[in-house]
Amino acid sequence: MPYVNVGDTVRLYVLNAGPQLISSFHVIGEIFDRVYREADLYSPPGKGIQSTLIPAGGAAIVDFLVDVPGTYILVDHAIARAIHKGAIGTIIAEGLDNLEIYESFATKEWADGHTHNGEEPEPEPEVVEEEPEEEESLEAAENEVIVEIMKGSMKKDDDPTNDYSPNILTIPVGTTVTWVNKDRSVHTVTARNRLFNSGNMRKGKKWSYTFTKPGEFDYYCIPHPWMVGKVIVK
Ligand SMILES: [Cu+2]
């Protein structure tokens, strides 16, 4: 799985070995800035193309500039071939979010496990949203514990103690945990079992969840899956 950075121009050399079918080559999440059709490097490239046909036994060269981080999926847009037959690949782009270009609402749908077609789901009663403009008090109320999303969390590393702090938190039942994003990037607090999901938290934003049942709750950040934490409720 190749990794690239936001701001990189990616060039793909795509060969359709055939022998029978043409490919409707497409990268989900991108528009090709340049397409050298049939890998013809003598003629000027096509520009601004979503999908390009690659004949059986032919090739194409495509370029695109990566604007936002995410997982880009390479497919044959005759989509059953991608899903059922494996004509699929991924490129992971890392870097700063650019919310003017793209903001994922999919992450916000996880909290109740339903799809809302991009609309905000009804907030759960135990979730307390706070305005980021509010004075940045890190003083915890009674029955409340603060977890900091640390500055630099978005940087990929193998040390989870650089991300959520404290990284492993043990609390009694009934405690409210408030996460505060101290990083400049957007992060989420997302339970592995999908019990809770903060949605995108911009810098300075707080998000709280009250743990009403004992158990161990592993969570992570959707845009930065190396960011992991755990809440142990006793
Ligand atoms: Cu993150």
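How many of the residues in segment 1-40 are outside any strand (DSSP E or B), modelled with pLDDT under 95 and either on the phi > 0 side of the Ramachandran plot or surrounded by fewer than 16 Cβ atoms within 10 Å (Cβ to Cβ) (or both)?
Residues flagged as outside any strand (DSSP E or B), modelled with pLDDT under 95 and either on the phi > 0 side of the Ramachandran plot or surrounded by fewer than 16 Cβ atoms within 10 Å (Cβ to Cβ) (or both) within segment 1-40 amount to 11.
Could you grab me the full set of residues in segment 162-183 that are more than 16 Å from the ligand (Cβ to nearest atom) and of a type in the set (A, V, I, L, M, F, W, C)?
Residues satisfying the conditions are ILE168, LEU169, ILE171, VAL173, VAL177.
Would you mind stating whether GLU144 is in contact (Cβ under 8 Å) with a residue 24 or more places away in the chain and surrounded by fewer than 21 Cβ atoms within 10 Å (Cβ to Cβ)?
Against the criterion (in contact (Cβ under 8 Å) with a residue 24 or more places away in the chain and surrounded by fewer than 21 Cβ atoms within 10 Å (Cβ to Cβ)), GLU144 qualifies.
Inspect segment 188-202 for any residue being away from the ligand (no atom under 13 Å from the Cβ), assigned to a loop (DSSP other than H, G, I, E, B), of a type outside the set (S, T, N, Q) and touching a residue at least 60 places away in the same chain (Cβ under 8 Å) and give the result as yes or no.
yes
Please enumerate the residues belonging to segment 209-227 that are at pLDDT 95 or above and either under 12 Å from the mean Cα position of the chain (by Cα) or within 16 Å of the ligand (Cβ to nearest atom) (or both).
Within segment 209-227, ASP218, TYR219 qualify.
Kindly list, by first and then second residue, each pair from a residue in segment 32-52 that is in the same structural domain as THR9 (by TED's automatic domain parsing) to a residue that is at pLDDT below 95 and not in a strand (DSSP E or B), limited to pairs with Cβ atoms under 6 Å and residues at least 6 apart or on different chains.
Partner pairs satisfying both residue conditions: SER51/HIS77.
Just need a number here: residues in segment 169-181 that are farther than 13 Å from TYR209 by Cα, surrounded by fewer than 17 Cβ atoms within 10 Å (Cβ to Cβ) and in contact with a Ser or Thr (Cβ under 9 Å, 6 or more places away or on another chain).
Qualifying residue count for the region: 0.
The values are calculated or read from the model by the stated rules, or taken from the named source; none is laboratory data. Just so it is clear, the model here is predicted, and its values are computed rather than measured. Every residue, glycine among them, receives a Cβ derived from its backbone with ideal geometry; neighbour counts consider all protein chains shown.
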